[in-house]
Amino acid sequence: MEILEVEQKIDWNNLTFSITPTRSMYFATCDLGGEWEPGDLIPYGDFKISPAAGVLNYGQGVFEGTKAFKTLKGRDILFRPDRNAKRFIKSAERLCIPPVPEEMFLKAVEITVRDNADYIPPVGKGSLYVRPIIWGTGPVLGVKPAPSYTFVVYVSPVGPYFKGGMRALHLKVTRYFHRAAPKGTGNAKAIGNYAASLYPLKLAKEREFDEVIYLNAANENLVEEVGSANIFILKDNVLKTPKLGGSILPGVTRDSVIQLAREILGLEVLETDVTVNDVLFADEVFCTGTAAVITPIGKITTDDDFQVIGNGEIGSLTRKLYDTLTGIQRERIEDTFGWVHPVPMYK
Ligand SMILES: Cc1ncc(COP(=O)(O)O)c(C=O)c1O
(Lines give C-alpha, C1' and ligand atoms only; values in the text may rest on other atoms or scores of the structure.)
Protein backbone atom coordinates (compact mmCIF):
# COMPACT_ATOMS: atom_id res chain seq x y z
CA MET A 1 0.00 0.00 0.00
CA GLU A 2 2.74 2.44 0.98
CA ILE A 3 4.75 1.50 -2.08
CA LEU A 4 1.82 2.34 -4.34
CA GLU A 5 1.42 5.73 -2.69
CA VAL A 6 5.06 6.55 -3.29
CA GLU A 7 4.93 5.44 -6.90
CA GLN A 8 1.97 7.70 -7.52
CA LYS A 9 3.75 10.70 -6.03
CA ILE A 10 7.20 10.40 -7.57
CA ASP A 11 7.95 10.57 -11.27
CA TRP A 12 10.91 8.17 -11.35
CA ASN A 13 11.67 9.11 -14.96
CA ASN A 14 12.26 12.78 -14.26
CA LEU A 15 14.17 12.91 -10.99
CA THR A 16 16.45 15.88 -10.46
CA PHE A 17 18.91 16.62 -7.66
CA SER A 18 16.37 18.25 -5.36
CA ILE A 19 14.62 17.53 -2.08
CA THR A 20 11.60 15.25 -1.95
CA PRO A 21 10.14 14.81 1.54
CA THR A 22 10.16 11.18 2.66
CA ARG A 23 8.59 9.21 5.50
CA SER A 24 11.07 9.54 8.33
CA MET A 25 14.38 10.86 9.56
CA TYR A 26 16.78 9.80 12.30
CA PHE A 27 17.10 12.18 15.25
CA ALA A 28 19.58 12.06 18.15
CA THR A 29 21.00 14.59 20.61
CA CYS A 30 24.13 15.06 22.68
CA ASP A 31 25.40 17.61 25.21
CA LEU A 32 28.84 19.12 24.85
CA GLY A 33 31.25 16.87 26.72
CA GLY A 34 28.65 14.07 26.88
CA GLU A 35 27.94 10.94 24.85
CA TRP A 36 25.46 10.58 22.00
CA GLU A 37 22.24 8.97 23.21
CA PRO A 38 20.91 6.38 20.77
CA GLY A 39 18.42 8.18 18.55
CA ASP A 40 15.26 7.12 16.80
CA LEU A 41 13.24 7.61 13.64
CA ILE A 42 10.71 10.42 13.71
CA PRO A 43 8.44 11.68 10.92
CA TYR A 44 10.37 13.76 8.36
CA GLY A 45 9.62 17.42 8.96
CA ASP A 46 10.44 20.73 10.60
CA PHE A 47 11.57 21.11 14.19
CA LYS A 48 12.04 24.02 16.57
CA ILE A 49 15.42 25.64 17.15
CA SER A 50 16.64 28.48 19.38
CA PRO A 51 17.56 31.73 17.57
CA ALA A 52 20.77 31.61 19.65
CA ALA A 53 21.71 28.14 18.33
CA GLY A 54 25.44 27.80 17.61
CA VAL A 55 24.74 26.70 14.06
CA LEU A 56 22.51 29.68 13.26
CA ASN A 57 25.00 32.21 14.62
CA TYR A 58 28.43 30.76 13.99
CA GLY A 59 27.89 28.02 11.42
CA GLN A 60 28.78 25.14 13.73
CA GLY A 61 27.65 22.26 11.56
CA VAL A 62 29.09 19.40 9.51
CA PHE A 63 27.46 16.99 7.14
CA GLU A 64 27.95 13.95 4.94
CA GLY A 65 26.51 12.70 1.68
CA THR A 66 26.20 9.11 0.58
CA LYS A 67 23.75 7.15 -1.56
CA ALA A 68 21.58 4.04 -1.40
CA PHE A 69 20.87 2.07 -4.56
CA LYS A 70 18.55 -0.68 -5.71
CA THR A 71 20.67 -3.26 -7.49
CA LEU A 72 20.18 -5.76 -10.28
CA LYS A 73 20.30 -8.49 -7.61
CA GLY A 74 17.19 -6.94 -6.03
CA ARG A 75 19.08 -5.68 -2.98
CA ASP A 76 19.15 -2.26 -1.34
CA ILE A 77 22.77 -1.24 -0.81
CA LEU A 78 24.90 1.64 0.43
CA PHE A 79 28.27 2.44 -1.13
CA ARG A 80 31.22 2.59 1.32
CA PRO A 81 29.28 4.28 4.16
CA ASP A 82 32.14 3.44 6.55
CA ARG A 83 34.25 6.07 4.72
CA ASN A 84 31.57 8.69 5.32
CA ALA A 85 31.40 7.67 8.99
CA LYS A 86 35.14 8.23 9.38
CA ARG A 87 35.13 11.56 7.53
CA PHE A 88 32.15 12.69 9.64
CA ILE A 89 34.23 12.11 12.77
CA LYS A 90 37.14 14.14 11.38
CA SER A 91 34.87 16.98 10.25
CA ALA A 92 33.16 17.07 13.66
CA GLU A 93 36.48 17.19 15.53
CA ARG A 94 37.60 20.16 13.40
CA LEU A 95 34.49 22.12 14.43
CA CYS A 96 34.47 21.13 18.13
CA ILE A 97 31.35 19.01 17.61
CA PRO A 98 31.05 15.75 19.60
CA PRO A 99 31.79 13.08 16.95
CA VAL A 100 29.19 10.40 16.28
CA PRO A 101 30.81 6.97 16.77
CA GLU A 102 31.17 5.00 13.51
CA GLU A 103 28.80 2.22 14.61
CA MET A 104 26.07 4.70 15.57
CA PHE A 105 26.49 6.53 12.26
CA LEU A 106 26.13 3.30 10.27
CA LYS A 107 23.09 2.14 12.23
CA ALA A 108 21.45 5.58 11.85
CA VAL A 109 22.02 5.55 8.09
CA GLU A 110 20.86 1.94 7.75
CA ILE A 111 17.60 2.35 9.66
CA THR A 112 16.74 5.60 7.88
CA VAL A 113 17.30 4.01 4.48
CA ARG A 114 15.42 0.84 5.48
CA ASP A 115 12.40 2.82 6.68
CA ASN A 116 12.37 4.84 3.44
CA ALA A 117 13.37 1.99 1.12
CA ASP A 118 10.33 2.50 -1.10
CA TYR A 119 11.78 5.91 -1.99
CA ILE A 120 14.90 4.33 -3.51
CA PRO A 121 14.45 4.78 -7.27
CA PRO A 122 14.35 1.67 -9.50
CA VAL A 123 17.68 0.60 -11.05
CA GLY A 124 18.71 3.08 -13.72
CA LYS A 125 16.40 5.86 -12.53
CA GLY A 126 18.52 7.41 -9.78
CA SER A 127 19.42 6.83 -6.17
CA LEU A 128 18.43 7.73 -2.63
CA TYR A 129 20.69 10.52 -1.43
CA VAL A 130 21.46 10.18 2.28
CA ARG A 131 22.30 13.31 4.26
CA PRO A 132 23.69 12.79 7.78
CA ILE A 133 24.18 16.17 9.48
CA ILE A 134 25.06 17.54 12.93
CA TRP A 135 24.32 21.02 14.13
CA GLY A 136 25.21 22.89 17.29
CA THR A 137 21.59 23.48 18.31
CA GLY A 138 22.08 24.68 21.90
CA PRO A 139 21.98 28.46 22.56
CA VAL A 140 25.29 30.30 22.81
CA LEU A 141 26.19 33.99 22.73
CA GLY A 142 29.98 34.21 22.77
CA VAL A 143 32.00 32.50 20.05
CA LYS A 144 32.35 29.07 21.59
CA PRO A 145 31.02 25.56 21.04
CA ALA A 146 27.26 25.20 21.49
CA PRO A 147 26.17 23.43 24.70
CA SER A 148 24.15 20.78 22.81
CA TYR A 149 24.00 19.09 19.38
CA THR A 150 21.48 17.44 17.10
CA PHE A 151 22.32 14.62 14.68
CA VAL A 152 19.83 14.02 11.89
CA VAL A 153 19.83 11.68 8.91
CA TYR A 154 17.36 12.46 6.16
CA VAL A 155 17.05 11.06 2.66
CA SER A 156 15.71 12.09 -0.73
CA PRO A 157 15.35 10.29 -4.05
CA VAL A 158 17.56 12.07 -6.60
CA GLY A 159 18.47 12.10 -10.26
CA PRO A 160 21.57 13.63 -11.93
CA TYR A 161 23.43 16.41 -10.08
CA PHE A 162 24.08 18.42 -13.21
CA LYS A 163 21.08 19.52 -15.29
CA GLY A 164 20.77 17.52 -18.48
CA GLY A 165 22.22 14.28 -17.09
CA MET A 166 25.47 12.78 -18.40
CA ARG A 167 27.10 15.47 -20.56
CA ALA A 168 30.51 17.13 -20.74
CA LEU A 169 30.58 20.24 -18.54
CA HIS A 170 31.97 23.69 -19.26
CA LEU A 171 33.89 24.96 -16.21
CA LYS A 172 35.38 28.31 -15.25
CA VAL A 173 38.72 28.58 -13.48
CA THR A 174 38.28 31.32 -10.89
CA ARG A 175 41.09 33.60 -9.77
CA TYR A 176 38.67 35.84 -7.89
CA PHE A 177 37.63 33.41 -5.15
CA HIS A 178 39.17 30.57 -3.15
CA ARG A 179 37.06 27.74 -1.79
CA ALA A 180 39.37 26.98 1.09
CA ALA A 181 42.70 27.99 2.56
CA PRO A 182 45.58 25.75 3.61
CA LYS A 183 45.05 24.90 7.31
CA GLY A 184 41.42 26.07 7.01
CA THR A 185 38.34 23.84 6.87
CA GLY A 186 38.50 22.71 3.23
CA ASN A 187 39.23 19.11 4.18
CA ALA A 188 36.18 19.01 6.48
CA LYS A 189 32.61 18.90 5.28
CA ALA A 190 31.79 22.08 7.20
CA ILE A 191 28.52 23.72 6.22
CA GLY A 192 30.13 27.18 5.95
CA ASN A 193 32.42 26.02 3.13
CA TYR A 194 29.35 25.61 0.96
CA ALA A 195 27.76 28.96 1.86
CA ALA A 196 30.96 30.65 0.70
CA SER A 197 30.86 28.81 -2.63
CA LEU A 198 27.38 30.07 -3.57
CA TYR A 199 28.45 33.47 -4.88
CA PRO A 200 31.26 32.24 -7.18
CA LEU A 201 28.86 29.57 -8.48
CA LYS A 202 26.11 32.15 -9.07
CA LEU A 203 28.49 34.34 -11.11
CA ALA A 204 29.69 31.31 -13.09
CA LYS A 205 26.13 30.15 -13.83
CA GLU A 206 25.10 33.63 -14.97
CA ARG A 207 27.77 33.27 -17.63
CA GLU A 208 26.52 29.77 -18.56
CA PHE A 209 29.32 27.81 -16.94
CA ASP A 210 28.31 24.64 -15.11
CA GLU A 211 30.72 24.92 -12.17
CA VAL A 212 33.88 26.54 -10.90
CA ILE A 213 37.43 25.16 -10.72
CA TYR A 214 39.10 26.41 -7.56
CA LEU A 215 42.83 27.05 -7.26
CA ASN A 216 45.16 26.58 -4.31
CA ALA A 217 44.97 29.73 -2.16
CA ALA A 218 48.73 29.70 -1.53
CA ASN A 219 49.77 28.88 -5.11
CA GLU A 220 47.38 29.88 -7.85
CA ASN A 221 49.19 27.74 -10.41
CA LEU A 222 47.74 24.66 -8.73
CA VAL A 223 44.25 23.30 -9.20
CA GLU A 224 42.38 22.04 -6.11
CA GLU A 225 38.89 20.89 -6.90
CA VAL A 226 35.52 21.64 -8.44
CA GLY A 227 32.84 23.21 -6.18
CA SER A 228 31.50 19.95 -4.83
CA ALA A 229 33.65 17.33 -6.52
CA ASN A 230 37.29 16.28 -6.88
CA ILE A 231 39.09 16.65 -10.20
CA PHE A 232 41.11 14.16 -12.29
CA ILE A 233 43.10 14.56 -15.50
CA LEU A 234 44.39 11.95 -17.93
CA LYS A 235 47.54 12.73 -19.93
CA ASP A 236 49.56 10.18 -21.91
CA ASN A 237 47.85 7.32 -20.08
CA VAL A 238 48.72 8.60 -16.60
CA LEU A 239 45.82 9.59 -14.36
CA LYS A 240 46.50 12.48 -11.98
CA THR A 241 44.54 14.12 -9.20
CA PRO A 242 45.60 16.92 -6.83
CA LYS A 243 47.22 15.48 -3.73
CA LEU A 244 45.28 15.88 -0.52
CA GLY A 245 46.32 18.69 1.75
CA GLY A 246 44.53 20.95 4.19
CA SER A 247 42.17 22.40 1.64
CA ILE A 248 40.90 19.48 -0.47
CA LEU A 249 37.99 17.28 0.62
CA PRO A 250 39.11 13.61 0.65
CA GLY A 251 36.30 12.32 -1.56
CA VAL A 252 35.02 8.76 -1.24
CA THR A 253 34.52 8.68 -5.01
CA ARG A 254 38.05 10.07 -5.50
CA ASP A 255 39.46 7.19 -3.48
CA SER A 256 37.28 4.66 -5.34
CA VAL A 257 38.37 5.99 -8.74
CA ILE A 258 42.03 5.80 -7.77
CA GLN A 259 41.63 2.15 -6.77
CA LEU A 260 39.54 1.23 -9.83
CA ALA A 261 42.03 2.87 -12.21
CA ARG A 262 44.99 1.14 -10.58
CA GLU A 263 43.56 -2.28 -9.86
CA ILE A 264 40.94 -2.88 -12.57
CA LEU A 265 42.28 -0.77 -15.44
CA GLY A 266 46.00 -1.16 -14.63
CA LEU A 267 46.66 2.57 -14.98
CA GLU A 268 49.38 4.58 -13.33
CA VAL A 269 47.70 7.02 -10.90
CA LEU A 270 49.50 9.94 -9.27
CA GLU A 271 48.27 12.05 -6.37
CA THR A 272 50.41 15.07 -7.06
CA ASP A 273 50.47 18.77 -7.89
CA VAL A 274 48.22 19.49 -10.86
CA THR A 275 48.70 22.86 -12.58
CA VAL A 276 46.16 24.91 -14.52
CA ASN A 277 48.10 24.14 -17.71
CA ASP A 278 48.04 20.39 -16.90
CA VAL A 279 44.26 20.60 -16.80
CA LEU A 280 43.88 22.78 -19.91
CA PHE A 281 46.05 20.50 -22.04
CA ALA A 282 44.94 17.12 -20.67
CA ASP A 283 43.57 14.34 -22.87
CA GLU A 284 40.59 13.88 -20.54
CA VAL A 285 39.32 15.75 -17.50
CA PHE A 286 36.53 14.64 -15.18
CA CYS A 287 35.23 15.33 -11.70
CA THR A 288 34.09 12.87 -9.05
CA GLY A 289 31.67 12.96 -6.15
CA THR A 290 28.79 11.12 -4.54
CA ALA A 291 26.40 13.56 -6.20
CA ALA A 292 28.43 14.19 -9.38
CA VAL A 293 29.40 10.46 -9.74
CA ILE A 294 31.96 10.74 -12.57
CA THR A 295 31.20 13.71 -14.79
CA PRO A 296 33.24 14.57 -17.90
CA ILE A 297 34.57 18.08 -18.40
CA GLY A 298 34.60 19.11 -22.06
CA LYS A 299 35.62 22.75 -21.97
CA ILE A 300 37.50 24.97 -19.53
CA THR A 301 37.61 28.75 -19.55
CA THR A 302 40.19 30.91 -17.78
CA ASP A 303 40.24 34.69 -17.60
CA ASP A 304 42.33 34.81 -20.79
CA ASP A 305 41.22 31.92 -22.93
CA PHE A 306 39.29 28.69 -23.24
CA GLN A 307 40.32 25.16 -24.11
CA VAL A 308 38.28 22.26 -25.44
CA ILE A 309 39.35 19.02 -23.74
CA GLY A 310 39.79 16.13 -26.20
CA ASN A 311 36.86 16.35 -28.60
CA GLY A 312 34.74 18.14 -26.02
CA GLU A 313 32.75 15.00 -25.21
CA ILE A 314 33.11 12.22 -22.66
CA GLY A 315 36.54 10.55 -23.00
CA SER A 316 36.95 6.77 -23.26
CA LEU A 317 38.68 6.35 -19.88
CA THR A 318 36.06 8.56 -18.21
CA ARG A 319 33.36 6.34 -19.73
CA LYS A 320 35.14 3.15 -18.60
CA LEU A 321 35.54 4.41 -15.04
CA TYR A 322 31.91 5.56 -14.97
CA ASP A 323 30.67 2.18 -16.22
CA THR A 324 32.84 0.30 -13.72
CA LEU A 325 31.90 2.41 -10.70
CA THR A 326 28.18 2.45 -11.45
CA GLY A 327 28.40 -1.27 -12.42
CA ILE A 328 29.66 -2.09 -8.92
CA GLN A 329 27.05 0.18 -7.32
CA ARG A 330 24.23 -1.59 -9.24
CA GLU A 331 25.82 -5.06 -8.70
CA ARG A 332 26.20 -5.51 -12.48
CA ILE A 333 29.95 -5.95 -11.89
CA GLU A 334 31.41 -8.04 -9.09
CA ASP A 335 32.61 -5.97 -6.12
CA THR A 336 36.10 -7.27 -5.39
CA PHE A 337 36.81 -4.36 -3.02
CA GLY A 338 34.14 -4.97 -0.36
CA TRP A 339 32.53 -1.59 -1.07
CA VAL A 340 28.93 -2.76 -1.37
CA HIS A 341 27.14 -2.53 1.99
CA PRO A 342 23.71 -4.25 1.95
CA VAL A 343 21.10 -2.44 4.05
CA PRO A 344 20.03 -4.89 6.79
CA MET A 345 16.35 -5.71 7.37
CA TYR A 346 15.59 -4.15 10.73
CA LYS A 347 11.88 -4.87 10.61
C1 LIG B 1 34.06 20.10 -1.76
C2 LIG B 1 33.83 18.68 -2.16
N3 LIG B 1 34.81 18.02 -2.80
C4 LIG B 1 34.67 16.74 -3.17
C5 LIG B 1 33.50 16.05 -2.94
C6 LIG B 1 33.37 14.61 -3.34
O7 LIG B 1 33.38 13.77 -2.22
P8 LIG B 1 32.64 12.37 -2.23
O9 LIG B 1 33.19 11.62 -3.38
O10 LIG B 1 32.95 11.76 -0.92
O11 LIG B 1 31.19 12.66 -2.39
C12 LIG B 1 32.43 16.71 -2.31
C13 LIG B 1 31.16 16.03 -2.08
O14 LIG B 1 30.94 15.41 -1.11
C15 LIG B 1 32.60 18.05 -1.90
O16 LIG B 1 31.62 18.70 -1.26
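Hey, which of the strands (runs of 3 or more DSSP E) in the stretch 15-106, taking only ones fully inside, have at least 2 residues that are under 30 Å from GLY142 (Cβ atoms)?
Of the strands (runs of 3 or more DSSP E) lying wholly inside the stretch 15-106, those with at least 2 residues that are under 30 Å from GLY142 (Cβ atoms) span 24-31, 61-63.
Name the single residue, out of those in the stretch 248-278 being hydrophobic (A, V, I, L, M, F, W, C) and assigned to a helix (DSSP H, G or I), that is nearest to the ligand (Cβ to nearest atom).
Checked the stretch 248-278; the qualifying residue nearest to the ligand (Cβ to nearest atom) is VAL252.
Are any residues in the stretch 232-247 assigned to a loop (DSSP other than H, G, I, E, B) and within 15 Å of the ligand (Cβ to nearest atom), and if so, which ones?
LYS243, LEU244, GLY245, GLY246, SER247
Looking at (1) farther than 30 Å from ASP115 by Cβ; (2) modelled with pLDDT of 95 or more, which one does ASP304 not meet, given that it meets all the others?
(2)
Regarding VAL143, is this residue β-branched (Val, Ile, Thr), crowded, with 16+ Cβ neighbours inside 10 Å and in contact (Cβ under 8 Å) with a residue 24 or more places away in the chain?
Answer is no for this residue.
Considering only the stretch 288-341, state which residues are within 30 Å of GLU220 (Cβ to Cβ), within 16 Å of the ligand (Cβ to nearest atom) and assigned to a loop (DSSP other than H, G, I, E, B).
Listed by number, the residues that qualify are THR290, ALA291, ALA292.
Taking the conditions exactly as written (within 11 Å of the ligand (Cβ to nearest atom), without any contact (Cβ under 8 Å) to a residue 60 or more places away in the chain, acidic (Asp, Glu) and not assigned by TED's automatic domain parsing to the domain that holds ARG80), does GLU206 satisfy them or not?
It is false that GLU206 is within 11 Å of the ligand (Cβ to nearest atom), without any contact (Cβ under 8 Å) to a residue 60 or more places away in the chain, acidic (Asp, Glu) and not assigned by TED's automatic domain parsing to the domain that holds ARG80.
The values are calculated or read from the model by the stated rules, or taken from the named source; none is laboratory data. Only a predicted model underlies this, so the values are computations on that prediction, with no experimental measurement involved. Backbone-built Cβ (ideal geometry, glycine too); neighbour counts: all protein chains shown.
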